[in-house]
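Peer 1: Take a look at the following structure, please.
The values are calculated or read from the model by the stated rules, or taken from the named source; none is laboratory data. Note that the structure is a prediction, hence the values are computed from the model and not measured. Note that each Cβ is placed from the backbone with ideal geometry, even for glycine, and that neighbours are counted across all protein chains shown. Note: accessible area is taken over every heavy atom of the protein model, side chains too, but ligands, DNA and RNA are not part of it. Shrake-Rupley method; radii C 1.70, N 1.55, O 1.52, S 1.80 Å.
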Amino acid sequence: MSSRLGGRDDKSGGYPRLVKRILQHKTLRLFAASVLVPLTLFAVLNLAFPLPGDRLHPASSTVVLDRDGAMLRAFLAPDEMWRIQAEADEISPTLKQAVLTYEDQRFYRHPGVDPLAIGRAMVANIKAGEVVQGGSTITMQVARMMEPKERTLVNKAIEAFRALQLEWRYSKEEILTLYFNLAPYGGNMVGVGAASQFYFDKSPDRLTLGEAALLAAIPNNPNANRPDVPSSQAQVARNKVLDILVQRGAVTADAATEAKTEAIPSRRFDLPFLAPHLAVHLASAHGGAARIETTLDGRLQLKAERLLADHVAAWRTHGITNGAVVVLDNRTMEVLALVGSQAFFDEAHNGQVNGALAARSPGSALKPFVYALALDQGLVSPRTLLHDIPVDYGGYQPENYDRTYSGIVSAEDALIRSLNVPAVGLSAELGADEMYHFLREAGFTTLEKPANHFGLSLILGGGEARLVELTTLYAALANGGNYQPYRWQPSTVLPPAQALLTPGAAHIVTDILSQLRRPELPAVWEWSRDQPTVAWKTGTSYGHRDAWSIGYTPRYAVGVWIGNMDASGSQALVGAEVAAPLMFSLMKVLEDNPSARWFLPPHDVERRRVCSVSGHPATHFCPSSRDEWYLPGRSPAQPCDLHRVILVDDNTGHRLCSHCKHGRPHHEEVVAQWPPDIATWLAQMGYPLDLIPEHLPSCDRVPAGDPPVIRAPMAEAEFRLRKGVPAQYQQIRLDASVSNGSKQIYWFVDGNLIFSGDPTERVFFTPEPGRHTLLCMDDEGRSAEVDITVL
């Protein structure tokens, strides 16, 4: 038993006996000769000559796609060939059927080489006396395209061996897909992806029967059968394929007849050329990628490009040559459209510069965010009064666009009118670095220098911004103060939203920016009427080099920049006149429903009544009041102290205090007593102020109230005397504000009185080297002082 099962003897002599038995057995001998020997030979050759698989995947063209998979732009492969990769499910079943019926009916039944097809081809060629039919299978053709060689018998054998290797490694569907991506279609076109786009202006999954038949025919003789050359045999070749499809039962005669009526293209179609700036950017970032998916909406992109080109063309006579557009979906932070310039190939005007990513001065476009920060920090509510008067911040003297001043203005009106001086004042009150750090947190990549480089001018465009980053910041307002970066590829995973502002502050700013009573509105009335509600802001940079308009709704944010890529200016470059109309046109495309849902008030805002004059919560002394949004627990809560009750002596008309009122007949009067830091300027400008009676002269008490505010010079200021310049030309101006209850002020230098008179008079003193103390006193005895140094 052990001997029959092998036992110990099998270890030394069992295998030779097994071979001997096989050789003695006729059937086994035939099996070994027909199967085992070829398989062993194939295995040896496969190891000796491995399949050069890398040649099956030559460098492809890079194709940039929109959100729906439609082509935006394609780039040539490194070898200047067009290879647009097509996946198996992106190839029309009609095309697959046409190719298999015409080229290789037994494709799914042979192992890569089809002896029957080779036999049929030999018979046909012998009968014809020439080569009229080939015996190559689809797999053998893939092998030939992988390793192009002259058509000799030796090379044909190599081709057959490579075909067996292909079948060993790849599935039938994979081999068929390789064929469709490697087949030549004339000129520098390789693969059905490129051929479908160039010949039919469509992807290969949308081919008709006639188109599929033509593409099935071209690879047999690409130079003769390609349809875009004058001597083309394309129609004859296509019809031949259709006849064979009928003969072999793949299609009906009627279908083939109808397919023959389809026109043969006589030229190549141009490939889509949308979003070229973003396409170049992404192709560079993803070097060699066959496909790059984006979030862009192809139809919206095309519309935005046309609108921008037409808009800039209308302003070209004014010296305006370019612009850029960004459209965001606020819900997903996806870029839906990005136009980098009005014409990519306009070399004269730097058309290939991406204006959506270029760093430019945003002008006033950042102002809404200083107000939002001030709201959050409790510095203002919408009706809080801000100063709009000349001011000096250590040599920096901001001016309004029209170089006029309003004296006092509510925060809401200051933002609506885009006044510079109140915005800078708020920025100073927040702290010079606050806005800088806010913008850095909001993804601004242009602020590479430290905060002190920009200073207070940052809020007026003293720094730079990129259109896509600025539009993203406005989208944060639409999202309740929550910031997320933009994305232009669906594969980008967004980080969690960052709360830059409270929902209430974002809502209040949005409410202000959506008001119709805007000074710039007449310039854009034609575009803004019949529009859905839009919150929007404009900006104009210094020197009229950049015009901006950013608008947003709950769903979308649209950013527009208009200007010249070389930074040359034009007096016509004003945000409200040049950029805003285009922004509204784009919004009209996006939001075609004027009754679309608007922002709902968040939980952290409420309404309250405030004094119509002071903006503080109204008291019963305020002559009128109005509603405003405010942030409970954050907004200023001090009741109005502008309107005050004073006691007036019935006999003398003097103002009485709590000390001197006793024993004197008197009555109450309500007056508006402006604080010192604004009252003097208002008086100088001729604003009507309430006349507040003088305090009773015989009273020795100093009445309560605010002391003077010294505006110039600043505390600890240094002045350097210039040699050879007469002293009268180096005088230092003294400027102070007092309340409208003060009739006279007194200036002292180092304890010496140098002036007494009306608070509105201009005062100067001639300095001498050294340290000096300047003191200003009002007629009520209240005083303020500063120290300066003269060198």
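Peer 1: How far apart, in nm, are the 7 Å Cα→Cβ label points at GLN397 and ASN452?
Peer 2: For GLN397 paired with ASN452, the spin-label model returns 2.5 nm.
Peer 1: Among the listed pairs LYS96/LYS202; LYS303/LYS367; LYS367/LYS449; LYS202/LYS303, give every one whose C-alpha distance is greater than 26 Å.
Peer 2: LYS303/LYS367
Peer 1: How much of the DSSP beta bridge set in the chain is antiparallel, as a percent to the nearest 5?
Peer 2: For the chain, the DSSP antiparallel bridge percentage is about 90.
Peer 1: Run the paramagnetic zone check for MET685: 7 angstrom along Cα to Cβ, then residues of the stretch 364-386 with backbone nitrogen under 17 Å.
Peer 2: Residues 384-386 qualify, since their backbone N sits under 17 Å from the label point.
Peer 1: Please report Rg (one decimal) and Dmax (integer) in Å for the Cα set of the stretch 589-665.
Peer 2: 21.9, 76
Peer 1: A follow-up question, please. Using only the Cα atoms, work out Rg/Rh for the stretch 553-697, with Rh taken as the Kirkwood radius, to two decimals. List each step's numbers first, then the result.
Peer 2: Numbers: Rg = 25.6 Å, Rh = 21.0 Å.
Using Cα coordinates only, the ratio equals 1.22.
Peer 1: Which percent of the accessible heavy-atom area of the stretch 626-739 goes to carbon and sulfur, probe 1.4 angstrom?
Peer 2: 49 percent
Peer 1: Pop the C-beta distance of LYS202 and TYR542 into the FRET formula with R0 = 41 Å and round what comes out to the nearest 0.05. Write out the running numbers ahead of the final one.
Peer 2: Working: r = 50 Å, r/R0 = 1.22.
Rounded to the nearest 0.05, the efficiency is 0.25.
Peer 1: Further question on the same structure: Counting only heavy atoms of the protein chains, get the accessible area per residue of the stretch 639-786 (1.4 Å probe) and round it to a whole Å² value.
Peer 2: Each residue of the stretch 639-786 exposes 55 Å² on average to a 1.4 Å probe.
Peer 1: Could you tell me the center-to-center distance, by alpha carbons, between the stretch 712-728 and the stretch 378-445 in angstrom?
Peer 2: If we compute the Cα centre of each part, the gap is 29 Å.
Peer 1: Accessible area per residue, 1.4 Å probe, Å², for the stretch 367-432: what's the number? Mind dumping the intermediate values first?
Peer 2: On the way: 2220 Å² over 66 residues.
Counting only protein heavy atoms, the per-residue value for the stretch 367-432 is 34 Å².
Peer 1: Taking 0.36 nm per residue of separation and subtracting the Cα-Cα distance, what length does fully extending TYR729 through THR766 add?
Peer 2: 12.4 nm
Peer 1: Further question on the same structure: Mind checking the dipole of the stretch 687-790: about its Cα centre, +1 per Lys or Arg Cβ, -1 per Asp or Glu Cβ, Debye to the nearest 20?
Peer 2: Rounded to the nearest 20 debye, it is 520 debye.
Peer 1: Would the stretch 682-791 count as rounded, prolate or oblate if I go by the C-alpha gyration tensor, calling it rounded below 1.5 in a/c and otherwise prolate when a/b exceeds b/c, oblate otherwise?
Peer 2: Taking the square roots of the gyration eigenvalues as a ≥ b ≥ c, the stretch 682-791 is prolate.
Peer 1: Looking at the chain, which longest stretch skips every one of the chymotrypsin sites (Phe, Trp or Tyr not before Pro) that is in a DSSP loop with at most 15 other Cβ atoms within 10 Å, leaving the sites themselves out?
Peer 2: So the longest stretch without any such site is 599-791.
Peer 1: For HIS603 and GLN744 in one chain, what is 0.36 nm times their gap in residues minus the Cα-Cα distance, to one decimal in nm?
Peer 2: Computed gain between HIS603 and GLN744 is 45.8 nm.
Peer 1: Please list, in order along the stretch 779-784, the HN-Hα scalar couplings obtained from phi with the Karplus expression 6.51 cos²θ - 1.76 cosθ + 1.60 (θ = phi - 60°), rounded to whole Hz, x for Gly and Pro.
Peer 2: In residue order, the calculated couplings are 6, 9, x, 7, 9, 9 Hz.
Peer 1: Sticking with this one: Please flag any cysteine in the chain that has no other cysteine's Cβ under 4.7 angstrom from its own Cβ.
Peer 2: Cysteines of the chain left without a disulfide-compatible partner: CYS657, CYS776.
Peer 1: Could you give the nm distance between label points at VAL790 and PHE719, where each point is 7 Å from its Cα heading toward the beta carbon?
Peer 2: 0.6 nm
Peer 1: Here is a further query. Between ARG151 and SER284, what's the calculated FRET efficiency when r is the beta-carbon distance and R0 is 41 Å? Round to 0.05.
Peer 2: Computed FRET efficiency for ARG151 and SER284: 0.50.
Peer 1: So how much slack lies between SER698 and ALA499, counting 0.36 nm per residue of separation and subtracting their Cα-Cα distance, in nm?
Peer 2: So the chain would gain 65.7 nm between SER698 and ALA499.
Peer 1: Shifting gears a bit: Shape verdict for the stretch 366-456, please, from the Cα gyration tensor: rounded (a/c under 1.5), prolate (a/b greater than b/c) or oblate. Mind dumping the intermediate values first?
Peer 2: Working: a/c = 1.99, a/b = 1.36, b/c = 1.46.
It comes out oblate by the Cα gyration axes.
Peer 1: Does a label point 7 Å from the Cα of ASP346, set along Cα-to-beta-carbon, have any residues of the stretch 286-317 with amide nitrogen under 17 Å, and which are they?
Peer 2: 302-317
Peer 1: Between rounded, prolate and oblate, where does the stretch 50-110 land on the alpha carbon gyration tensor, with a ≥ b ≥ c its root eigenvalues, rounded for a/c under 1.5, else prolate if a/b exceeds b/c?
Peer 2: Working: a/c = 2.70, a/b = 1.40, b/c = 1.93.
The shape class here is oblate.
Peer 1: Measuring from label point to label point, each 7 Å out along Cα→Cβ, what is the VAL236 to GLU668 span in nm?
Peer 2: 11.1 nm
Peer 1: Percentage of Cα-Cα pair distances in the stretch 525-627 greater than 20 Å, rounded to whole percent?
Peer 2: So the pairs more than 20 Å apart make up 57 percent of the total in the stretch 525-627.
Peer 1: Considering only DSSP states other than H, G, I, E and B, which trypsin sites (Lys or Arg not before Pro) in the stretch 742-785 qualify as loop sites with at most 12 other Cβ atoms within 10 Å?
Peer 2: Answer by residue number: ARG762.
Peer 1: Further question on the same structure: What percentage of all Cα-Cα pairs in the stretch 376-427 are separated by more than 14 Å?
Peer 2: Pairs farther apart than 14 Å: 46 percent.
Peer 1: Under a no-solvent Debye model with one identical scatterer per Cα of the chain, what's log10 I(q)/I(0) at q = 0.08, 0.09, 0.10 Å⁻¹?
Peer 2: Scattering profile of the chain, log10 relative to I(0): -0.84, -0.96, -1.08.
Peer 1: What do you get for GluC sites (Glu not before Pro) in the stretch 276-365 restricted to DSSP loop and a cutoff of at most 16 other Cβ within 10 Å of the site's Cβ?
Peer 2: none
Peer 1: Here's a follow-up. When Lys and Arg each count +1 and Asp and Glu each count -1, what net charge do the other residues less than 11 Å away from TYR371, Cβ to Cβ, add up to?
Peer 2: 0
Peer 1: With viscosity set to 1.567 mPa s at 4 °C, what whole-number translational diffusion coefficient in µm²/s follows for the stretch 145-275 from Stokes-Einstein and a Kirkwood radius over Cα pairs?
Peer 2: Translational D for this selection: 80 µm²/s.
Peer 1: Name the trypsin sites (Lys or Arg not before Pro) in the stretch 590-633 that are in a loop by DSSP and that have at most 16 other C-beta atoms within 10 Å, would you?
Peer 2: For trypsin sites (Lys or Arg not before Pro) across the stretch 590-633 that sit outside H, G, I, E and B with at most 16 neighbouring Cβ atoms in 10 Å, the list reads ARG597.
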